[in-house]
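Trainee: Take a look at this one; I'll ask things after.
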Amino acid sequence: MKKNFLFITLLIPMLIFCAKPQQTNDDSNDGGDNNSQEESYRDPVFERNPADPADEILTELPPEIKDGDIVQVTRDYIEKFLTEVKYEDGDFSGTRIYDYPGGYNDKNATELGPVTNADKPALYTIRWSEDASAGDLTLTLKDGDWSRDYKIASGESSQIITNLRPNASYTYVVTGSSGKEMTHGSFTTTGSIHQCFFPWNVRNCRDLGGWKTYDGKTVKYRKIYRGGRMEGSTMSPEGRQEILAEGIKAQLDLRGKSDMLHWGVLGKDSPFANPCIEQGGYTMLGADKGKTKQCFDFTLNCLKENKPVYFHCSLGRDRTGTFAALVLGILGVPEGDITQEYELSYFAPVGWSIAYSEKNKYFKNTRLTDIKSVVNYFKQKGESTDRFDVCVEKYLLWIGVPQADIDEFRRLMLD
């Protein structure tokens with residue numbers, strides 16, 4: 001009797017698992033058509049992963065922001081690299097990335113490489129005098145038309161803020177449910193890029209905004225984000241709220257059949273696409289050009305609906321870097337800057353900055369190989385005298401993107 005009971009006990013979970021609807025990897029279901037999303041969406045299952053050895057443990061509050069302050073929001077390691085290094089178009093004679101600390105490479109790495117959080121934005125604290133009689137508190141942070149509220153328990157006297165946009169003018173106010181104002185003020189931010197981090201572990205994430213074009217225009221912030229995988233194993237419920245507060249409303253998953261695929265984790269009303277791409281570089285641009293067109297079409301449609309997009313593969317590096325080169329290239333960002341943006345994955349921790357597999361221990365720079373092949377692929381579509389953005393435009397026309405869509409994409413993305 002005991003043996004039969006044990007057998008049934010083990011069998012029931014297996015039957016339940018097998019009865020669950022499993023997501024298919026069939027290409028017929030991953031084309032980015034959101035009309036079927038209501039039928040295919042499943043609520044995300046958040047599973048806390050083991051503590052990341054590269055994660056920050058705060059022993060004290062970050063630096064305080066006071067009224068009138070000017071603060072740098074891009075991490076020092078990345079800011080130094082971006083301000084001191086300038087690659088010219090067509091120059092693949094070398095790389096400067098190994099000259100800068102904060103990343104993983106075989107010149108200064110230990111067995112697992114140095115612990116770094118350079119891919120995470122700076123943290124700051126807003127403080128006020130404790131007063132439990134004020135009731136529950138709300139910190140409202142504003143940057144132009146963007147704003148978010150932090151809900152804070154009664155009696156607290158500080159709030160950590162992060163994911164701040166560079167070159168912005170913020171205002172803040174803390175009010176209690178009683179109506180009492182606890183503090184208010186404003187501050188400005190500096191920095192080269194808008195970094196983001198969403199707990200538990202959505203890493204290697206950055207906004208593509210802020211880059212300058214050949215014609216002196218600026219790519220708009222809070223429109224298109226790139227990064228590492230965003231799924232139940234890397235994102236907590238708190239992280240999901242941070243993503244939504246940032247304003248991200250759509251997810252483009254570039255991973256292929258060899259990866260664990262997930263339905264969108266932002267909610268059933270958020271656009272989600274998974275064209276199922278196995279490799280980045282010239283394979284993604286050539287053999288998979290139809291899927292690359294799907295990525296562009298999906299992104300443009302989301303922008304038309306004012307739904308900022310987060311796109312990612314597994315590490316946020318090769319497939320993600322290929323699509324980022326296309327996006328920045330068609331907007332007119334210089335070729336040299338695009339290859340430098342690609343290198344920023346160096347500053348992510350082990351598991352994100354590595355080149356080819358999650359078993360590798362050290363960063364292997366691919367500016368001189370992978371992103372070079374992407375750049376050269378685009379250039380093959382143009383004339384030798386064409387500027388890089390013209391070559392990317394000719395590539396998009398070649399894969400079937402109408403000129404009107406290219407023009408609309410630029411209109412929506414450039415200041």
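Here, each number is a calculation from the coordinates, and none is a lab measurement. Just so it is clear, the model here is predicted, and its values are computed rather than measured. Methodologically, a virtual Cβ is constructed for each residue, glycine included, from the backbone with ideal geometry; neighbour enumeration extends over all protein chains shown.
Trainee: What order do you get for Thr385, Thr213, Thr320 when you list them from fewest to most C-beta neighbours inside 10 Å?
Mentor: The most exposed by this proxy come first: Thr385, Thr213, Thr320.
Trainee: In the stretch 163-249, with Lys and Arg counted as +1 and Asp and Glu as -1 at Cβ, which of these residues, Thr213, Gly227, Phe187, has the Cα nearest the positive end of the dipole, that is, farthest along it?
Mentor: Thr213
Trainee: Can you give me the convex hull volume of the Cα atoms of the stretch 252-300, divided per residue and expressed in Å³?
Mentor: 70
Trainee: I've got another one for you. Sort 326-337, 171-182 by packing, meaning the average of other beta carbons within 10 Å per residue, with the highest value first.
Mentor: 326-337, 171-182
Trainee: Quick one: order Phe187, Phe378 by neighbouring beta-carbon count within 10 Å, fewest to most.
Mentor: Lowest count first: Phe187, Phe378.
Trainee: Subtracting the Cα-Cα distance from 0.36 nm times the residue separation, let me have the gained length for Ser147 to Lys217 in nm, one decimal.
Mentor: Full extension of this stretch gives 22.7 nm more.
Trainee: Using 10 Å bins from zero, what percent of all Cα-Cα pairs in the stretch 123-203 falls into each bin?
Mentor: Histogramming the stretch 123-203 at 10 Å steps yields 17, 46, 29, 8, 0 percent.
Trainee: To continue, here is another question. Could you tell me which of rounded, prolate or oblate describes the stretch 268-339, using a ≥ b ≥ c as the square roots of the eigenvalues of the alpha-carbon gyration tensor, with rounded for a/c under 1.5 and, failing that, prolate when a/b is larger than b/c and oblate otherwise?
Mentor: The shape class here is oblate.
Trainee: Across the stretch 175-180, in residue order, what do the Karplus-derived ³J(HN,Hα) couplings come to in whole Hz, using 6.51 cos²θ - 1.76 cosθ + 1.60 with θ = phi - 60° and x for Gly and Pro?
Mentor: Karplus values, whole Hz, x for Gly and Pro: 10, x, 5, 6, x, 6.
Trainee: When the chain is fully extended, how far beyond the present Cα-Cα distance does Thr190 get from Ser133, taking 0.36 nm per residue of separation?
Mentor: Here the segment from Thr190 to Ser133 would lengthen by 16.9 nm.
Trainee: Stokes-Einstein diffusion coefficient for the stretch 178-283 at 4 °C in a medium of 1.567 mPa s, Rh from the Kirkwood formula over Cα pairs: what value in µm²/s?
Mentor: D, rounded to a whole number, is 80 µm²/s.
Trainee: Moving to a separate point now. Read phi for every residue in the stretch 401-410 and hand back ³J(HN,Hα) as whole Hz from Karplus 6.51 cos²θ - 1.76 cosθ + 1.60, θ = phi - 60°, with x for Gly and Pro.
Mentor: Rounded to whole hertz, the list is 7, x, 4, 4, 5, 4, 4, 5, 4, 5.
Trainee: Could you pull out the pairs from Lys151/Lys304; Lys120/Lys379; Lys120/Lys289; Lys212/Lys289; Lys142/Lys257; Lys249/Lys289 whose alpha carbons sit more than 29 Å apart here?
Mentor: Lys151/Lys304; Lys120/Lys379; Lys120/Lys289; Lys142/Lys257
Trainee: A further question on this structure: Can you list the HN-Hα couplings for the stretch 311-328, worked out from phi with the Karplus curve (6.51, -1.76, 1.60; θ = phi - 60°), rounded to whole Hz and with x for Gly and Pro?
Mentor: 10, 7, 10, 8, 9, x, 10, 7, 5, 5, x, 5, 5, 4, 5, 5, 4, 5
Trainee: Further, regarding this structure: So how strong a dipole does the stretch 177-274 carry about its Cα centre when Lys and Arg Cβ are +1 and Asp and Glu Cβ are -1, to the nearest 20 debye?
Mentor: Magnitude of the dipole: close to 280 debye.
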